[in-house]
Amino acid sequence: MTSGMTSLAIYQKEAWYDLVSVWRTPGFVLPALAFPLVFYLFFGVLFSPSGSGSQAAYMLVTYSCFGIMGPAMFNFAMSIASDRAQGWLTLKRLSPMPVSAYLLAKMATSLVFALLIILLLFSAAALFGEVRLYQHQWLGLALLMLLGTVPFALIGLLLGLTLSDKAAPGVVNLLYLPMAFLSGLWLPVTMLPHLMQQLAWLWPSYHLSQLGLKLLAMDQGHAALLHLALLLVTSAGLTLLCLLVFRRVIGAK
Amino acid sequence: MNPDVNTDQTLLQLTQLHKSFAGKPVLSGVDLRAKAGEVLCILGPNGAGKTTLISAILGLIAADSGDIYLLGQLQQGASRSVALRQQLGVMLQIGSLPATLTVAEHCDLFASYYLAGYSATELVTLAGLEAHAKQRFGRLSGGQKQRLLFALALAGKPRLLFLDEPTLGMDVEARRGLWQQIRQLQQQGVSIVLTTHYLEEAEQLANRIMVLHQGKFIASGSPSELKALTQYKVITCCSALTDAALLALPGVLQLNRQPQGVTLHSSHAEQTVLALLTADNTVSQLEVSQVALEQAFLQLTRGDGTEAVGSEKEEQAA
């Protein structure tokens, strides 16, 4: 892929136009930004016992996690499934564009949305939720959530490579919403039945939120390294699966 | 022809290309050669293997056996180098590009892929969409979309250009405009491989037409050579003779009666006409015409393809 001929301009333009194209799709932008903010204001701020800000802080972590998952999974799954179905991906692959430019562009879009969601929720938390954190906690949480988009982008990529453009949105929702609930992103995981608490370990969103909560000393108390290792293993496994599927999809059509 | 163009240069060559899907042969021994400045038109009914052939050439699928040379380089499997892709242009039948990006933005993006290609502005001009540069792809008409895709195929100033049904959905005027552009490219020495359902398009543009049927080329030649392959002519007239009497005329292979007259297919048109005029002095509206390529094409691809092309026996049997 890196033949020295591919210039930085391709990567920049690919990323810019992916973002522009997504930004001009209100059906994507509005739910992606509004849902986490509205849910957080409702459950994290409005229903929070006033004065302490501790529930607002806890929910800030879990709703940030909920917020960054959506755009990563949806942008990858839906636009890749659609580009495949429409033949646009085939045409791009026949051009000299490196596949990495295409995938990194989608990653960049996911990161921009993640950053916007983080800024929106952090502002809401500080302004209305009486959440007071140290500077390193704000920064650490923001950085963690940005890096945390990776496994969800990979899940989206896998779905985008395997599903039809018609099936992709439905399947992503079918995965996204239960995964968020079972990872304790809407209700604290400790409020879930025992079996569900154990099943939470399956989901990357659980481990990401626990790492975030650890920054605020509000986690369940498992080792940070364990959560981190499970996130890395999940991401590595997903990467491998994506590579295999990518070869098969590319070879078959 | 541009004197700078070396027309001996072979830009695409296939030898004995085979490809099967699940044990069913789709390409069975395809040979093909396209030179610089040549428009090669691949004709064939649906299912003839056109898509598989183009996919194998472009490296979207790997052929089972046979050699593919692109720009003189032997290709391995289903991978095509970036350096090669810089010099290829491809227009496929595409459902949609990202609908929310404008014409100018699509041109800007595609122009950035190529080292020595056209600028975004030049691509908009090539597409003839200057007045629609700021229009989103989703709001273009079918013909305008095709013109944009055609321009994107030219983004890298390709030496070898693949056009799959390029004028699909275009009105007559737009179609003629695109033909003009294809002729200009041909004069610049671009080698063009074209698939089309419009036979007029093949007749107008092709130096050579190759007819693909059940994974093999069953006929190849210039449009006029291909016409000559079909050995009969069509005679239409109004005659008082009975069908039996008409069929008994020398050279007549087939007869179709229509309200406005009768159509005869003849292997020896001159003799048929002479005998017809001798037998019936009331004949009117007599017309002798060459078989249109469209009919030739139907004739070529009818049957199992192993028969001689345009076989009279086959026609008689029908």
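The values are calculated or read from the model by the stated rules, or taken from the named source; none is laboratory data. This structure is a prediction, so every number in the text was calculated from the model and none was measured. We place every Cβ from the backbone using ideal geometry, glycine too, and count neighbours over all the protein chains shown.
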| query | at pLDDT below 95, farther than 28 Å from B:ALA153 by Cβ and away from chain B (no Cβ under 14 Å), is that true of A:LEU143? | reply | no
| query | Picking from B:THR100, B:THR167, which residue would you name as being part of a loop (DSSP other than H, G, I, E, B), within 24 Å of B:MET210 (Cα to Cα), of a type in the set (S, T, N, Q) and in the same structural domain as B:GLY59 (by TED's automatic domain parsing)? | reply | B:THR167
| request: Report yes if some residue within the range A:216-225 is within 14 Å of another protein chain (Cβ to nearest Cβ), of a type outside the set (Phe, Trp, Tyr), in contact with a helix residue (DSSP H, G or I) (Cβ under 9 Å, 6 or more places away or on another chain) and not in a helix (DSSP H, G or I); otherwise report no. | output: no
| note | Restricting the range B:118-150 to residues that are surrounded by 20 or more Cβ atoms within 10 Å (Cβ to Cβ) and touching a Gly at 6+ places or on another chain (Cβ under 7 Å), the one farthest from the other protein chains (Cβ to nearest Cβ) turns out to be B:ARG147
| request: Starting from residues that are out of contact with any helix residue (DSSP H, G or I) (no Cβ under 7 Å at 6 or more places or on another chain) and of a type in the set (Gly, Ala, Ser), keep the ones in the range A:83-122 and report whichever is nearest to the other protein chains (Cβ to nearest Cβ). | output: A:GLY87
| note | Every listed condition ((1) under 20 Å from A:VAL245 (Cβ atoms); (2) assigned to a loop (DSSP other than H, G, I, E, B)) holds for A:SER110 save (2)
| request: Residue by residue through the range A:84-97, note down the ones that are under 24 Å from the mean Cα position of the chain (by Cα) and touching a residue at least 60 places away in the same chain (Cβ under 8 Å). | output: A:ARG84, A:ALA85
| field | Residue count, the range A:107-134 (criterion: buried (at least 24 other Cβ atoms within 10 Å of the Cβ) and under 14 Å from A:ALA15 (Cβ atoms)) | value | 3
| message | I need the full set of residues from the range A:54-81 which are surrounded by 24 or more Cβ atoms within 10 Å (Cβ to Cβ), among the aromatic types (Phe, Trp, Tyr) and farther than 24 Å from A:GLY160 by Cα, in order please. | response | A:TYR63
| Can you pull out the residues in the range B:89-108 that are over 22 Å from B:LEU60 (Cα atoms) and at the interface with chain A (Cβ under 7 Å from one of its Cβ atoms)? | B:THR100, B:LEU101, B:GLU105, B:ASP108
